[in-house]
């Protein structure tokens, strides 16, 4: 099984297929490298597609030390993967937890990004500090649930969350596959990721100054039933100078597999425009003041 070593020696499992401009897919908290199969099959016809399991998600390593999890570590794991595979620049496509990581890659390493996609991004983000702390407390409770309860029971409860119901009702077969894959994850990895990454990462409103300087083409995608991510997605559109926003109707959080045709069509438009230098073609060139 192919693995690369990250900066601290943690081994990350990856798969790649296709040839051409590179695309790196970064999965959500409830996903893994398999999450991106609808995108891998579609885009490998025209691009070099790379998917991987983040640390804490087998067959990647599951470090036992909580200090080896965090937002900056997740960000740098993307760069370690690109370095190991000799990828100079790529489209970075992230979903949920992975969308936050993709944004951080775009902020810290813009020279490595052809574009960034942030889908279902911003859970826990709010301009209200009390609301943010409430969300952090909820994340800590979720981490403790995974740490202390039977994993398959906890995974089933997490999979049945409010923002997963649209897929469950529209596409019960796809939802069952999502829930099954989640049940195959690591108990320890889920607990440590939630406690040391999700519950501690900076929220979007806390990143406002950095986001206003974001220079990479950014596509924000959200389902209109994804209540926790709607306002943060609009915030990204209003804050990031290069952002475009797509709201997919009658759709929830698991947007990559719930509505893969719409998701893939949006990515294809982004990739083509970014590669042609035309993502911002709808705006007049900035005037140079002398």
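Working only within the range 1-16, note down all residues that are in contact with a strand residue (DSSP E or B) (Cβ under 8 Å, 6 or more places away or on another chain) and without any contact (Cβ under 8 Å) to a residue 60 or more places away in the chain.
Within the range 1-16, 1, 2, 3, 11, 13, 15 meet the criteria.
Mind checking which residues of the range 205-231 are in a helix (DSSP H, G or I) and either on the phi > 0 side of the Ramachandran plot or buried (at least 24 other Cβ atoms within 10 Å of the Cβ) (or both)?
Across the range 205-231, the qualifying residue is only 229.
I'd like to verify a number: residues in the range 108-137 that are closer than 19 Å to residue 229 by Cβ and surrounded by 15 or more Cβ atoms within 10 Å (Cβ to Cβ), how many?
Of the residues in the range 108-137, 14 are closer than 19 Å to residue 229 by Cβ and surrounded by 15 or more Cβ atoms within 10 Å (Cβ to Cβ).
Has the range 138-146 got at least one residue that is outside any helix (DSSP H, G or I) and surrounded by fewer than 17 Cβ atoms within 10 Å (Cβ to Cβ)?
no
What are the residue pairs meeting all of these: first residue in the range 160-180, first residue free of Cβ contacts under 8 Å to residues at least 24 places away in the same chain and at negative phi, second residue surrounded by 14 or more Cβ atoms within 10 Å (Cβ to Cβ) and part of a helix (DSSP H, G or I), Cβ atoms under 7 Å, and 6 or more apart or on different chains?
Close Cβ pairs (under 7 Å, with a partner that is surrounded by 14 or more Cβ atoms within 10 Å (Cβ to Cβ) and part of a helix (DSSP H, G or I)) amount to 168/175.
List the number of the failed condition for residue 83; all other conditions in (1) farther than 13 Å from residue 50 by Cβ; (2) out of contact with any strand residue (DSSP E or B) (no Cβ under 7 Å at 6 or more places or on another chain); (3) in a helix (DSSP H, G or I) hold.
Answer for residue 83: the failing condition is (1).
Of (1) over 17 Å from residue 16 (Cβ atoms); (2) in contact with a helix residue (DSSP H, G or I) (Cβ under 6 Å, 6 or more places away or on another chain); (3) assigned to a helix (DSSP H, G or I), residue 73 satisfies all except one. Which?
With respect to (1) over 17 Å from residue 16 (Cβ atoms); (2) in contact with a helix residue (DSSP H, G or I) (Cβ under 6 Å, 6 or more places away or on another chain); (3) assigned to a helix (DSSP H, G or I), residue 73 is out only on (2).
Provide a single number: the residues in the range 36-68 that are closer than 30 Å to residue 200 by Cα and assigned to a helix (DSSP H, G or I).
Going through the range 36-68 one residue at a time, the tally reaches 6.
Can residue 19 be described as surrounded by fewer than 16 Cβ atoms within 10 Å (Cβ to Cβ), out of contact with any helix residue (DSSP H, G or I) (no Cβ under 6 Å at 6 or more places or on another chain) and either without any contact (Cβ under 8 Å) to a residue 40 or more places away in the chain or on the phi > 0 side of the Ramachandran plot (or both)?
Yes: the conditions hold for residue 19.
Answer yes or no as to whether residue 279 is buried (at least 17 other Cβ atoms within 10 Å of the Cβ), closer than 24 Å to residue 90 by Cβ and modelled with pLDDT of 95 or more.
yes
The values are calculated or read from the model by the stated rules, or taken from the named source; none is laboratory data. The structure displayed is predicted, hence computed values, not measured ones. All Cβ positions, even for glycine, are placed from backbone atoms using ideal geometry, and neighbour counts span all protein chains on display.
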